[in-house]
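Here's the structure, in structure tokens; my notes come after.
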Amino acid sequence: MKKIRLPSFHWKKERHTVRFSIALKSSVIYTLLFGTVIAAVIGAMAWALADQASHHSRLEQFSFFISDCMSGRRRGMGHLDYGSFAQANNIYIEISGPGKNKIVSYGSPPSRGQHHYEIRRPVVGKPGRPLSLTVVDRESMGFAGSLTMPGFFIILGLLLLLAAVLGALLVRKMMRPVYSMMQTAHSISANDLSQRVETVPSHDEFDELAETFNGMLDRIQASYEQQKRFVSDASHELRTPLSVISGYANLLRRWGGEDKAVREESVAKIIVETANMQKLIERLLFLAKADQQMQPIHPALFCVSDMMRETAEETRLIDKSHAILEKIEPGAMLTADPSLIRQAVRAVVENSRKYTPAGGIICLSCHTAQGCVIIEVSDSGIGIGKKDLPHIFDRFYKADEARTRAPKGSSGLGLSIVKWIVERHGGTVMARSAPKHGTSMKMIFPKKSFLPDGSTH
């Protein structure tokens, strides 16, 4: 039998998708943050350098003009009013002699405690005296203009550190669903499967992963609850025949040696209840294997018509109280597990025998239609109530008291096994019934049955 590898493949694909999403989003976050910081710092540096160059060029023009006026190289301009010139251009002019001794100044000096653009150059006065000219822009340089190249690198480093911290916080926020799943997984135990991951409608892979994780927990919880019910119901069903066997064993021990009738009755009841318990255990084991997907299926091409005729004949041999009829189309072929299909048909026939009074009719039919093989078992029995009909394929389900009183030894597992067999072969099973009008069980199998390895025939 081929192994089904699709689930693990999909999980690997999903895991790789989530891993790629995390890496992509983290890269995008850090790229945007670092890129923004670097672009902002470079832009500020370029603006500061341009501002410095503009002010330096302006002051240099003023210094050349004043120097020319002081040296007398600008003829025809008359006497320059340095004070008015300084006031008009919002600058401060200072002329110093040797040793930086201030000789004269024009304009209002700049405010102390602030950085200003200034330029200093040597000039030669009219008598040929060497002087020093200082021209200061009274407008403050501002923060960007006062920065040096080392200062820019320090700020760049601090901003990059801030970007790294912000990026880590954003990535942590992005990874919150993963951390939530980890905490939820640690808090899950066999006694508490109610924990779920809180989902935020982000519509991304993390949201999908959280929903998938919660869905897995839902399935695990449902399976766990189903197993609990299965064990509880199985224990209850086994308790009844064990109690009967124990009761008759005690009766046999006390009175069997003296009373032949008591001995024979006790032995007969013990044999019957033992057979019922054996049948119940076999069905429980079948369903347990089915739940674990360990129930083997061996598909083969066989004639359903022949199998139905054989089942009808063997039913006549063991049941003399009912009329067993046949409506079997010859030559109906099906690819499925012959033993499981026979087991399903026998279970349905047994159900009809239990709930059909003596003298009633049980009819086995088989025919093909629209690419399907249809098997039907109908009877003239007591029927099934409307409220019970949707549940007859549920495990351990038993109908109302009027129906359960008819036979003994019913476990409520036979039809659930029938349903599993039919659906495992890609078919459907349905029932039509009404109280006092009999029941009809119909099993529909596609000729191209779906096999356990996923192939078709």
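The values are calculated or read from the model by the stated rules, or taken from the named source; none is laboratory data. Keep in mind that what you see is a predicted model, and the values were worked out from it rather than measured. Cβ coordinates were reconstructed from backbone atoms using ideal geometry, including for glycine residues, and neighbour counts include every protein chain displayed.
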So how many residues does the stretch 267-303 have that are within 22 Å of residue 220 (Cβ to Cβ) and loosely packed, with under 12 Cβ neighbours inside 10 Å? 3
Which of (1) more than 28 Å from residue 431 (Cα to Cα); (2) touching a residue at least 24 places away in the same chain (Cβ under 8 Å) does residue 299 not meet, given it meets every other one? (1)
Which one of these does residue 320 not meet: (1) farther than 17 Å from residue 423 by Cβ; (2) outside any helix (DSSP H, G or I); (3) touching a helix residue (DSSP H, G or I) at 6+ places or on another chain (Cβ under 9 Å)? (3)
What pairs come out if I take residues in the stretch 31-56 that are in contact (Cβ under 8 Å) with a residue 60 or more places away in the chain and closer than 23 Å to residue 92 by Cβ and pair them with residues that are β-branched (Val, Ile, Thr) and surrounded by 14 or more Cβ atoms within 10 Å (Cβ to Cβ) whose C-beta lies under 8 Å away, six or more apart or interchain? 56/119
Hey, among the residues in the stretch 259-310 that are out of contact with any Ser or Thr (no Cβ under 9 Å at 6 or more places or on another chain) and basic (Lys, Arg), which one's farthest from residue 330 (Cα to Cα)? 260
Please determine whether any residue of the stretch 63-79 is out of contact with any strand residue (DSSP E or B) (no Cβ under 6 Å at 6 or more places or on another chain), at pLDDT below 65, part of a helix (DSSP H, G or I) and surrounded by 14 or more Cβ atoms within 10 Å (Cβ to Cβ). no
State whether the residues of the stretch 250-262 include one that is surrounded by fewer than 18 Cβ atoms within 10 Å (Cβ to Cβ), farther than 25 Å from residue 375 by Cβ and either under 56 Å from the mean Cα position of the chain (by Cα) or touching a residue at least 12 places away in the same chain (Cβ under 8 Å) (or both). yes
Given (1) out of contact with any Lys or Arg (no Cβ under 8 Å at 6 or more places or on another chain); (2) modelled with pLDDT under 70; (3) surrounded by 11 or more Cβ atoms within 10 Å (Cβ to Cβ); (4) of a type outside the set (Ser, Thr, Tyr), number of the condition residue 201 does not satisfy: (3)
Considering only the stretch 9-22, I want to know if a residue exists there that is loosely packed, with under 14 Cβ neighbours inside 10 Å and at pLDDT 70 or above. no
Residue list for the stretch 357-383, restricted to those being assigned to a loop (DSSP other than H, G, I, E, B) and either touching a His at 6+ places or on another chain (Cβ under 6 Å) or modelled with pLDDT under 90 (or both): 360, 370, 371, 383
What do you reckon, is residue 113 at pLDDT 70 or above and assigned by TED's automatic domain parsing to the domain that holds residue 137? no
